[in-house]
Each structure stands twice: as structure tokens, then as C-alpha cells.
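Q: Right, I'll just put the structure down here and ask away after.
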Amino acid sequence: MKKIAVLTSGGDAPGMNAAIRAAVRYGISMDMEVYGIERGYAGLIENIFLPMNMRSVSDIIQRGGTILRTARSPEFMTKEGQELAVKFLNKRGIEGLIVIGGDGSFRGAEALSKLGVPTIGIPGTIDNDLAYTQYTLGFDTACNTVLDAINKLRDTMSSHDRICIIEVMGRNCGDIALNAGIGGGAEIVLVPEVPMTYLEILDRLKADRSKGKYSSIIVIAEGAGKAEELREKIKDSLGASVRATVLGHLQRGGSPSCRDRYLGTCWGVNAVKLLKEGIGNRVVGIRDEKFIDMDIAKAVAMKKDFDYDLYDMANIVSNSVIKS
């Protein structure tokens with residue numbers, strides 16, 4: 001291949017710029033022309049292509065978000081939209097496409113591959129909800145952002161003997177809540193994969209209070225409930241001082257961690273290598289600290305497994321008597 005393009009799609013994730021930088025610079029080193037497509041699939045069907053050079057990606061590895069920007073595109077999900085995308089790619093002589101994004105972005109890449117466009121997917125989503133890879137781009141940074149919030153909130157909550165409920169992202173996947181909750185020593189972690197009744201939560205808080213512990217941190221994934229609703233219930237039942245904090249999009253931003261810069265760089269290079277060898281319709285990832293690639297259709301069809309052993313361990317070290 002002599003001409004390739006790269007786009008970012010779906011929610012932004014720290015480390016996307018590292019992947020863009022690596023793909024552009026490694027592609028150029030392989031005597032390839034590299035184009036950036038602005039605003040994801042929306043920009044693709046609007047024919048927004050930018051020629052990229054070494055300077056185009058200078059001073060971006062430390063920046064959060066994505067310099068190519070991102071957007072949702074309902075039009076691209078139609079057959080007509082996908083055919084229009086292929087038309088613009090072919091018109092420019094682009095032979096391969098790198099897509100950085102999550103599950104929905106990969107499904108778009110799979111659709112293009114079926115229409116004859118070789119695609120390589122890089123897993124860019126803070127939720128860590130792609131089953132084929134152990135980690136996704138942005139997950140580590142998001143966990144560290146949540147951890148920083150837990151540390152700060154614990155300081156003020158313990159000063160006032162308050163309970164704090166911290167709502168984090170994770171509609172269908174509780175990995176951020178679980179990993180950041182363990183790192184922050186949360187007393188209770190609530191995830192969508194393990195339903196917990198309000199009475200169970202109340203029993204755990206009562207047990208803590210019976211031991212003289214009046215300050216607790218509860219981390220709740222958004223798919224497991226709403227922090228404010230839980231705050232009202234606990235306040236009324238315990239008569240305790242309870243605060244709720246919703247971190248929201250704060251988790252998406254910020255300078256990427258060393259881990260996410262490393263993954264983004266390696267995946268950007270690996271994606272270009274595959275295209276240079278004429279290999280498409282794959283996604284890159286990591287398993288047991290080894291970089292992998294696999295068929296894109298198989299990857300998006302895989303179901304995410306939740307680590308119940310890790311969840312049980314979190315319960316034990318938080319001094320809870322309740323297991324999943």
C-alpha cells in the first residue's frame with residue numbers, strides 16, 4: 001500500500017493522539033502517503049481529508065482528546081452512507097484505513113471491509129469493554145483520573161465523617177469502577193455485572209458504623225445506578241451525611257498516562273505494518289503483555305467476560321462479608 005488514512009470515531013480517549021502520531025510517522029517512514037480524516041465517519045462521508053506530515057503530529061503525544069476530532073454519524077450507518085465513504089476513499093486512491101475507536105467504530109470498519117476497503121482497528125475507549133483485548137486505549141488514564149478524585153474526596157469525607165458516592169463511566173462494563181475502586185480502597189464498588197440490592201449496601205454501611213467507621217467511599221458505575229438516587233436513600237435510612245459526585249466527562253480528558261501513550265504508539269505502528277503487508281480487516285490489541293491482531297468480525301462478536309474473582313477480592317480487602 002502507498003496511501004492510507006486514519007480517523008478517530010466515537011467517544012474520545014486519552015492516547016488517541018499517540019496512536020495518530022505513530023501511524024503518521026511510521027507510515028511516512030515506509031514511503032506511504034498518510035491522510036487524516038476529521039470528525040470520524042462523519043468527516044469521511046463529507047470528504048474531509050487532510051494530508052499529514054511529520055510536523056502535523058508534532059507536540060501531540062501528551063495531549064488528551066484527538067486532534068482529528070470525532071463525531072457520531074447516523075448517516076454512515078446506512079448502506080448509502082457506507083457506499084459514499086468507499087467512493088471518496090477510492091477517488092483519492094486510499095488503499096487502507098486505520099480506525100481508532102470502540103465497538104461501534106469497529107462495526108463501521110467491519111462494514112467498510114465488506115465493501116472492499118482494508119481496515120485496521122485500534123481499540124480506543126476508556127470503558128475497556130472490548131472482549132478481545134485485555135486493555136483499551138484510555139482506560140488506564142481514566143482509572144487514574146478516578147483514583148485522583150477518590151483520593152481528594154476521601155480527605156474531605158473523612159474530615160467530616162461523611163459517606164461519598166462517586167459515579168463513574170461504565171454503562172455496560174464495570175472495569176473503571178472496579179479497578180479504580182480497588183486502587184482507591186473504596187469500601188463498596190457497584191458494577192452492572194454484579195447486581196446488589198439496596199439492603200445489601202445498607203447492611204455493609206451499618207457494619208462499618210458498628211465498628212466506629214463513619215466515613216466510606218462508594219464507587220458506582222453508571223450502569224449500576226445513579227449516585228444521587230443512592231445518596232437520597234442512604235441519607236434517609238441512616239440519617240448520615242452523604243455526598244454524591246458524578247465525574248462524567250472529566251474521565252475522558254487529561255494528558256494520557258505513560259501506559260496509554262505506550263499502547264497508542266505501539267498499536268499505531270502495528271496497524272501500519274499490517275496495511276503495508278497488504279493485510280486488512282483486523283484489529284490490534286494486547287493479551288498477557290503481548291501485542292496481537294485478529295479478524296475484525298470475530299473481535300466485535302466476542303462477549304466481554306467480567307472478572308468475578310477480582311470483584312470478590314475487592315470485597316475481601318474492603319473488609320466486607322458479602323461476596324458475589
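Q: I'd like the orientation of helix 103-114 relative to the chain: the angle between its Cα long axis and the longest Cα principal axis, in ° from 0 to 90, rounded to 10.
A: 20 degrees
Q: Taking only Cα atoms of the stretch 124-175, what ratio of Rg to Rh do you get with Rh as the Kirkwood inverse-distance radius?
A: Ratio of gyration radius to Kirkwood radius for the stretch 124-175: 1.10.
Q: Roughly how many debye, to the nearest 20, is the charge dipole of the stretch 81-228 about its Cα centre, given +1 on each Lys and Arg Cβ, -1 on each Asp and Glu Cβ, and no other charges?
A: Numbers: 15 positive and 19 negative charges, 36 e Å.
It works out to roughly 180 debye.
Q: For n ≥ 4 DSSP H runs only, could you compute -39500 (n - 2.57) per run for the chain, divide by its residues and tell me the 222 nm figure to the nearest 500?
A: For the chain, the value works out to -13000 deg cm²/dmol.
Q: Further question on the same structure: Let's see if you can work this out: charge +1 on each Lys and Arg Cβ, -1 on each Asp and Glu Cβ, no other charges. What is the dipole magnitude of the stretch 269-324 about its Cα centre, in debye to the nearest 20?
A: Its charge dipole is roughly 260 debye.
Q: Between S159 and C258, take the C-beta separation as r, use R0 = 45 Å, and let me know the FRET efficiency to the nearest 0.05.
A: Here the calculated transfer efficiency is 0.90.
Q: Projecting each Cα onto the charge dipole of the chain (Lys/Arg +1, Asp/Glu -1 at the beta carbon, about the Cα centre), which of C258, P123, M32 comes out farthest on the positive side?
A: M32
Q: Dividing the Cα convex hull volume of the stretch 196-324 by residue count, how many Å³ per residue is that?
A: Spelled out: Cα convex hull of the stretch 196-324, divided by residues, is 165 Å³.
Q: Additional query: For the chain, take the longest principal axis of its alpha carbons; what is the angle in degrees between that and the long axis of helix 227-238, to the nearest 10 within 0 to 90?
A: Rounded to the nearest ten degrees, it is 10.
Q: Tell me the angle of helix 79-91 to the major Cα principal axis of the chain, expressed in degrees between 0 and 90 and rounded to the nearest ten.
A: For helix 79-91, the angle is close to 50 degrees.
Q: Now for a different question. Once the other residues with Cβ under 12 Å from the Cβ of N319 are scored (Lys, Arg +1; Asp, Glu -1), what is the net sum?
A: +1
Q: Could you give the nm distance between label points at N47 and K233, where each point is 7 Å from its Cα heading toward the beta carbon?
A: Result for the modelled spin labels: 5.5 nm.
Q: Follow-up question, since we're still on this one. What's the magnitude of the charge dipole for the stretch 172-324 around its Cα centre, counting Lys and Arg as +1 and Asp and Glu as -1 at the beta-carbon? Answer in Debye, nearest 20.
A: Using only the charged Cβ atoms, the result is roughly 320 debye.
Q: Can you run phi through the Karplus equation (6.51, -1.76, 1.60; θ = phi - 60°) for the stretch 51-68 and list ³J(HN,Hα) in whole Hz, with x for Gly and Pro?
A: Result, rounded to whole Hz: x, 10, 9, 4, 6, 4, 10, 6, 6, 10, 4, 8, 8, x, x, 8, 5, 7.
Q: Whose amide H sits under 5 Å from the amide H of V168, counting only residues 5 or more places off or on another chain, with H placed in the peptide plane?
A: For V168, the qualifying residues are I220, A221, E222.
Q: Go from 0 up to the bin containing the longest alpha carbon distance in the chain, width 20 Å each, and give me the % of pairs per bin.
A: P(r) for the chain, in whole percents per bin: 33, 47, 19, 1.
Q: In addition: Can you pull out the GluC sites (Glu not before Pro) in the stretch 204-303 that DSSP calls coil and that have at most 16 other Cβ atoms within 10 Å?
A: Sites meeting the loop and neighbour criteria: E277, E289.
Q: Please work out the FRET efficiency for the pair Y198 and H249, using the Cβ-Cβ distance as r and a Förster radius of 45 Å; give the result to the nearest 0.05.
A: The pair Y198/H249 has a calculated efficiency of 0.95.
Q: Work from the charge dipole of the chain (Cβ charges, +1 for Lys and Arg, -1 for Asp and Glu, about the Cα centre) and give the residue of N53, G223, M302 farthest towards its positive end.
A: Result: N53, furthest along the dipole toward the positive end.
Q: Among DSSP bridges having both ends in the chain, what percentage is antiparallel? Round to the nearest 5.
A: Numbers: 11 of 43 bridges.
Here the share of antiparallel DSSP bridges comes out near 25 percent.
Q: Also: Which residues' amide hydrogens lie under 5 Å from the amide hydrogen of A244, considering only partners 5 or more residues apart or on another chain, with H built in the peptide plane?
A: I165
Q: Still on this structure, please answer the following. If you plug each phi of the stretch 181-188 into the Karplus form 6.51 cos²θ - 1.76 cosθ + 1.60 with θ = phi - 60°, what whole-Hz ³J(HN,Hα) values come out, in order, with x for Gly and Pro?
A: Each residue of the stretch 181-188 in turn: x, 5, x, x, x, 4, 6, 9 Hz.
Q: Stokes-Einstein diffusion coefficient for the stretch 141-252 at 4 °C in a medium of 1.567 mPa s, Rh from the Kirkwood formula over Cα pairs: what value in µm²/s?
A: Values: Rh = 13.7 Å.
Result for D is 95 µm²/s.
Q: What is the gain in length, in nm to one decimal, between M54 and K206 on full extension, counting 0.36 nm per residue of separation less the C-alpha to C-alpha distance?
A: 48.8 nm is the gain from fully extending M54 to K206.
None of the figures in this text is laboratory data; all of them are computed from the coordinates on show. Because the structure is a prediction, the values reported are computed rather than measured. All Cβ positions, glycine included, derive from the backbone under ideal geometry; neighbour counts span all protein chains shown.
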